[in-house]
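Following: one structure in C-alpha cells, then a few remarks.
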Amino acid sequence: MNTAVLISGRGSNLASLLAYEKANKANYRIVLVLSNEPEASGLAYAKENKVPYYVVPHRDYQSKQAFEAAMQVYLEKHNIELIALAGFMRLLSSSFITRWQGRVINIHPSLLPDFPGLNTHKKVLQAKKKESGCSVFFVDSGIDTGLLINQTSVPVLVNDTEETLAKRVLQEEHILFPKTLDQVASKQITLENLQTNKQSNKFTTN
Ligand code: GRF
C-alpha cells in the first residue's frame, strides 16, 4: 500500500519503518515523506533511501486549511493510501481526518489513554508509574485520543531519568510501529473492525 510518512524532527521512527520495509515483505511501501519543518534531520533518511520528500512549512500558510491543502496535493500526486505520523508535531483538522478516516496512524510514547500530549516521560516519572510504553492508534481529531491498535509496555526503573526512559520506550517504538503499519496495510487490522469489536466487547461485558 502506498504510504506517506509525516515527520517534524529526528525521524528515528521513519528510519525503522524504512528498515523494516527493506528487510521484510512488507504490505506498505513508503513512497513519500513530508515534513512541516525545513530543518527536520529525519529528512536525511528519505534522501538516503531515495524516497521523494518535500517540506511543507506550516508557518508559510495563513491557515491550517491552506497548510493541509498543500500536503493533500503531494498525497494525491503520489497516490497515497495510508499515512503514518512519525513524530509529526501538528494537529490535523477534523476535515483532514474525515477525508483520511481509518488511513492515518500515529505513535505515542506512553500507554494511552494515560499521558497524551507533550512531555510524556516527565509526566510518567512525576506520577511514579512502574510501567510505561508506547501506543499506535488510528488518528482522530483529538490529541492522542484515537482508537488504539497495539501497545508495548516497558518497566520504569527506580533510577530512570527522562532520557533513560525515553530510550527504553523508543527501542520498542521501533519494533511496534513497523509491525503495526504492516498489519494495517494488509487490512488485517481496520478501524471498522476495531470499532465493531469494541462495541461487541462492551455489549458482552454489560
Ligand atoms: C517518538 O517518541 C514518537 O512516539 C513521538 O515523537 C517521537 C518521534 O521521534 N510521536 P522520531 O522523530 O521518530 O525519532
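Report yes if some residue within segment 47-54 is without any contact (Cβ under 8 Å) to a residue 40 or more places away in the chain, open to solvent by less than 20 Å² (accessible area, probe 1.4 Å) and assigned to a loop (DSSP other than H, G, I, E, B); otherwise report no.
Yes; the residues of segment 47-54 include at least one that is without any contact (Cβ under 8 Å) to a residue 40 or more places away in the chain, open to solvent by less than 20 Å² (accessible area, probe 1.4 Å) and assigned to a loop (DSSP other than H, G, I, E, B).
Give segment 73-87 a look and list any residue that's of a type in the set (Asp, Glu) and touching a residue at least 12 places away in the same chain (Cβ under 8 Å), or say none.
Glu81
State which residue is farthest from the ligand (Cβ to nearest atom) when the search covers only segment 58-82 and only residues that are open to solvent by 30 Å² or more (accessible area, probe 1.4 Å) and in contact with a strand residue (DSSP E or B) (Cβ under 7 Å, 6 or more places away or on another chain).
Out of the qualifying residues, it is Asn79.
Would you check if there is a residue in segment 83-94 being small (Gly, Ala, Ser), open to solvent by 30 Å² or more (accessible area, probe 1.4 Å) and not in a helix (DSSP H, G or I)?
Initial filter on segment 83-94 (small (Gly, Ala, Ser)): 84, 86-87, 93-94.
In the following step, the residues that additionally are open to solvent by 30 Å² or more (accessible area, probe 1.4 Å) were identified as 87, 94.
Subsequent filtering for residues that are not in a helix (DSSP H, G or I) retains 87.
The answer is yes, given that some residue of segment 83-94 is small (Gly, Ala, Ser), open to solvent by 30 Å² or more (accessible area, probe 1.4 Å) and not in a helix (DSSP H, G or I).
Those residues that are more than 15 Å from the ligand (Cβ to nearest atom) and of a type outside the set (Lys, Arg), I need them from segment 119-151; list them, please.
The answer is Leu125, Gln126, Ala127, Glu131, Asp140, Ser141, Leu147.
Scan segment 82-134 for residues that are of a type in the set (Gly, Ala, Ser) and either in contact with a Leu (Cβ under 9 Å, 6 or more places away or on another chain) or at negative phi (or both) and jot them down.
Hits for segment 82-134 are Ala84, Ala86, Gly87, Ser93, Ser94, Ser95, Gly102, Ser110, Ala127, Ser132, Gly133.
Looking at segment 173-180, can you tell me whether even one residue there is part of a helix (DSSP H, G or I) and either exposed (fewer than 14 other Cβ atoms within 10 Å of the Cβ) or touching a Phe, Trp or Tyr at 6+ places or on another chain (Cβ under 6 Å) (or both)?
The answer is yes, given that some residue of segment 173-180 is part of a helix (DSSP H, G or I) and either exposed (fewer than 14 other Cβ atoms within 10 Å of the Cβ) or touching a Phe, Trp or Tyr at 6+ places or on another chain (Cβ under 6 Å) (or both).
Return yes or no: is Pro116 in a loop (DSSP other than H, G, I, E, B) and within 13 Å of the ligand (Cβ to nearest atom)?
yes
The values are calculated or read from the model by the stated rules, or taken from the named source; none is laboratory data. No experiment lies behind these values; they were computed from the predicted model shown. Note that each Cβ is placed from the backbone with ideal geometry, even for glycine, and that neighbours are counted across all protein chains shown. What goes into the accessible areas is simple: the full protein's heavy atoms, side chains included, and nothing from ligands, DNA or RNA. Shrake-Rupley method; radii C 1.70, N 1.55, O 1.52, S 1.80 Å.
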